[in-house]
Amino acid sequence: MPASTTTAPVVLTARALLLDMDGTIVNSDAVVERCWREWAVSHGLDPQEALKVVHGRQGYATMAVLLPERPMELNHAENKVMLARETADTDGVVPVGGAEEFMASIAGLPHALVTSADAALAEARMTAAALPMPAVRVTAESVGASKPDPEGFLKGAAELGVDPADCVVFEDSGAGIAAGLAAGMRVIGVGPRAAAHGPTAHVPDLTSVRVGATEDGTLTLTLTLTPAT
């Protein structure tokens with residue numbers, strides 16, 4: 001008999017879902033890599049090395065990692081320029097596989113967007129990907145610390161009125177996965193970047209996720225996983 005191409009589904013329960021945006025429900029890699037490659041070259045940095053730390057963090061935090069000796073006020077100033085550029089550039093922004101169906105399935109369930117983008121960038125990318133903007137959202141303006149700090153996820157849980165331990169995070173980046181775990185939450189890693197960073201479970205994209213709800217409001221997440229090769 002041929003070998004099975006899937007493992008048994010994993011089922012998690014929760015009271016609320018906290019969703020990262022870039023790389024998790026929106027594929028914005030084309031824009032992110034285009035903008036940050038040019039930024040890295042303009043500062044004499046190796047673009048490939050820069051891209052290893054870009055995903056998941058706010059721009060000023062990425063700059064602080066890459067240029068550790070530079071005053072933070074310069075990072076904040078350049079980040080404003082970067083945010084404006086990224087907001088204006090939506091070429092290549094598309095939904096992650098399965099995102100449309102996933103977002104439709106959670107429309108009436110407790111969930112929040114927790115993103116390192118500011119409000120304008122989040123609106124631009126969600127619109128470009130034709131995805132609905134969650135009513136509850138924690139954007140860059142809402143927090144004092146970037147992922148991997150757990151502040152954003154803890155604020156999302158608080159706004160939903162749900163204990164952190166009852167939340168499940170969807171994330172793609174090392175910084176975001178670390179933030180979710182530090183918040184005391186389970187984390188579903190989405191996409192190729194996530195697997196190496198120790199999420200609670202990993203899926204290739206959102207086509208592998210089914211969400212339902214019981215009468216008492218418990219959310220049931222069924223994950224169809226592909227085996228390690």
For the stretch 185-219, which residues satisfy the criterion of being closer than 23 Å to ALA107 by Cβ, open to solvent by 40 Å² or more (accessible area, probe 1.4 Å), polar (S, T, N, Q) and not in a helix (DSSP H, G or I)?
-> THR214
Subset of the stretch 37-80, residues within 17 Å of ALA124 (Cβ to Cβ) and assigned to a helix (DSSP H, G or I), comes to GLY59, ASN79, LYS80
Sole exception among (1) surrounded by fewer than 18 Cβ atoms within 10 Å (Cβ to Cβ); (2) modelled with pLDDT of 95 or more for PRO2, by number | (2)
Report, by residue number, each residue of the stretch 15-49 that is surrounded by 15 or more Cβ atoms within 10 Å (Cβ to Cβ), of a type outside the set (D, E, K, R) and touching a residue at least 60 places away in the same chain (Cβ under 8 Å).
-> ALA16, LEU17, LEU18, LEU19, MET21, GLY23, THR24, ILE25, VAL26, ASN27, SER28, VAL31
Failed criterion for VAL136 (all others in (1) more than 21 Å from MET82 (Cβ to Cβ); (2) open to solvent by 60 Å² or more (accessible area, probe 1.4 Å) hold) | (2)
Would you pick out the residues in the stretch 164-184 that are touching a helix residue (DSSP H, G or I) at 6+ places or on another chain (Cβ under 7 Å) and either under 17 Å from ILE25 (Cβ atoms) or surrounded by fewer than 18 Cβ atoms within 10 Å (Cβ to Cβ) (or both)?
-> CYS167, VAL169, GLU171, ASP172, ILE177, ALA179, GLY180, GLY184
Exactly one of (1) modelled with pLDDT of 95 or more; (2) under 12 Å from the mean Cα position of the chain (by Cα) is unmet by ARG210. Its number?
-> (2)
For ALA88, work out the one condition from (1) at pLDDT below 95; (2) within 25 Å of VAL138 (Cα to Cα); (3) open to solvent by less than 30 Å² (accessible area, probe 1.4 Å) it doesn't fulfil.
-> (3)
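The values are calculated or read from the model by the stated rules, or taken from the named source; none is laboratory data. All values reported here derive from a predicted model rather than from experimental measurement. Backbone-built Cβ (ideal geometry, glycine too); neighbour counts: all protein chains shown. Accessible surface is based on the protein model in full, side chains and every heavy atom, while ligands, DNA and RNA are left aside. Shrake-Rupley method; radii C 1.70, N 1.55, O 1.52, S 1.80 Å.
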